[in-house]
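The structure under discussion appears below in the form of structure tokens.
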Amino acid sequence: MMVDTTVMAAFSLASPLSTLHLSNFRASSPLFSLRPSTSSSSSPSFRRLLILSNNTFSNPCHVNSSFTYPFHSTSTFHMSTEDSFARSSYSSSSCSSSSDDNHSSTIEDDDDEDDVVGAVLDKDDYDSSPPPLPDRWDVLGLGQAMVDFSGMVDDEFLMRLGLDKGTRKVVNHEERGRVLQAMDGCSYKAAAGGSLSNTLVALARLGGHSIGGPPLNVAMAGSIGGDPLGGFYRTKLRRANVNFLSAPVKDGTTGTVIVLTTSDAHRTMLAYQGTSSYINYDSSMESIISKTNILVVEGYLFEFPDTIKTIKKICQFARDSGALVAVTASDVTCIERHYDDFWEIMENYADIVFANSDEARAFCHFCSEESPISSTQYLSHFVPLVSVTDGPRGSYIGIKGEALYVPPSPCVPVDTCGAGDAYASGILYGLLRGASGLKGMGTLAARVAAVVVGQQGTRLRVQDASRLAQSFGFGVEGAVQADVGSDQISSL
């Protein structure tokens, strides 16, 4: 059944280079305009995202596909289990119960083509002066800053450490050290990891050229320790044109996630929070948020009671400053444990919610057999713009109680890890570049996700980002546009 709806919404962002006033951003965009919220908030600057559109919503068709999860080797550098860096080398061995017992592990530096291959990070890398900061941030991500260690292991390795295959657990400092000690002499990758950082890096690369506007300014705030891993994290993001703005916590320890993958593609994850669960809300944070167009809050932060209180304060200040607020669902179990906190943020502050189909159902208390269409429609009664991905079956954009189906972009699947993060970057890029239609914006997001699914690794590569941005060219006269059909949007 075809359903025609008119969805009204208010959206305005500030150009990072021309003005600090939200009402002047993308004034010619046919997708967005500014309207006051009907919220009872006492703040006169309180706004909610709405979208003015005559959209045609159709029932989805599903595409089935199988996925594999290969692991690859890259250039490496050594790092001891005491988290210190040493000289680079090369290795492709995996970690098994029969590995040789060496004194230091071989860490694969999970860089791509825009980084120095086999780079050795030393003190100069950490203390180097950052480039001048822009006057305004297009997107600021608030999330956990954690370094990922990823390696291949066998079942006997997991059994020897008493780890349940395919689970995710939080470990303390001693447990982390025990696992790293067991991996001593094995090959594994190190990366400035996290779902949010994947999205921010992809967005920075999509917006790294003056296509449809000036290059996008992307930043992240969170918590890292004043240790070598904290310097590693900041440096890696900076190389990807994402500025990490938070100062390191003195005597703090940077959080890590150890990802142990077996040959049957099951991933066992061990998270050491370190200082990553701590968000410092002060005048410096307020200054950053006051210069932000879109604030993206990572759902994993909801795991910590004290941090939830800080998130609420930050979201309120972002609202008062005229910024849009986006929330990532992050994890089903996290939603189940902190259901009320998520809903308080979504109902009172969120303009955008990113979730996969399982997470969307968890928000709605729907059973697993319920269609993602239903959860997308339900959520969009409370949040102006809802993005729900459904793996190889496509995705949905929910607005005003309706769900627009976006078919998947064809690809040869290699690794699905990071697909949802990439999709979110496409949605954010479309918003910032003045997309003229929801379907065009969703199609770009689907293509970005397909590129990441079709490669090894979770990060959108620079050359692929440039190609995707040029092919869509939102706001550029004569650029190739996606067929937006009947969902073409006109201004209020």
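The values are calculated or read from the model by the stated rules, or taken from the named source; none is laboratory data. Small disclaimer: the values here were computed from a predicted structure and weren't measured. Cβ coordinates were reconstructed from backbone atoms using ideal geometry, including for glycine residues, and neighbour counts include every protein chain displayed. With ligands, DNA and RNA removed, areas are computed over all heavy atoms of the protein, side chains included. Shrake-Rupley method; radii C 1.70, N 1.55, O 1.52, S 1.80 Å.
Results, tabulated for the structure shown:
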item: Computed FRET value (nearest 0.05) for K313 with V170, which takes r as the C-beta separation and R₀ as 30 Å; result: 0.75
item: Candidate residues M159, M285: accessible-area rank, largest first, probe 1.4 Å; result: M159, M285
item: Between the stretch 184-227 and the stretch 384-408, the Cα center-to-center distance that results, in Å; result: 25
item: Area accessible to solvent at R238, 1.4 Å probe radius, in Å²; result: 60
item: H173 accessible area, 1.4 Å probe, all protein chains in place, Å² to nearest 10; result: 90
item: Exposure of Y378 as accessible area (Å², to 10), given a probe of 1.4 Å and all protein chains; result: 90
item: Ranking by accessible area, most exposed first, for Y188, Y278, Y300 with a 1.4 Å probe; result: Y278, Y300, Y188
item: Surface accessible to a 1.4 Å probe, per residue, for the residues of the stretch 197-356, Å²; result: 32
item: Heavy-atom accessible area order for D154, D351, largest first, 1.4 Å probe; result: D154, D351
item: Nitroxide proxy distance, nm - points 7 Å out along Cα→Cβ at S287 and V332; result: 4.4
item: Segments 140-149, 214-223, 444-453 sorted - mean Cβ within 10 Å per residue, highest first; result: 140-149, 444-453, 214-223
item: Probe 1.4 Å, protein heavy atoms only - accessible area per residue of the stretch 410-471 in square angstrom; result: 27
item: Rounded if a/c under 1.5, otherwise prolate or oblate - the stretch 341-447, Cα gyration tensor axes; result: oblate
item: Length-normalised contact order of the stretch 244-321 in % [C-alpha pairs under 8 Å, at least 6 apart]; result: 24
item: Qualifying GluC sites (Glu not before Pro) for the stretch 335-426 [loop in DSSP, other Cβ within 10 Å: at most 13]; result: E369
item: Heavy-atom accessible surface of the stretch 260-324: percent carbon and sulfur, 1.4 Å; result: 50
item: Global geometry of the stretch 187-248, whether rounded, prolate or oblate, following the gyration tensor of its Cα atoms and the 1.5 cut on a/c; result: prolate
item: Long-range HN-HN contacts of W137 with modeled amide H, under 5 Å; result: T292, N293
item: Convex hull of Cα atoms in the stretch 201-340, direction-averaged projection (nm²); result: 10.5
item: Gain in span if fully extended, S371 to D306, counting 0.36 nm per residue against the direct Cα distance; result: 19.9 nm
item: J(HN,Hα) series, the stretch 280-291, from Karplus relation 6.51 cos²θ - 1.76 cosθ + 1.60, nearest Hz, glycine and proline x; result: 8, 9, 9, 5, 5, 5, 4, 4, 5, 5, 5, 10
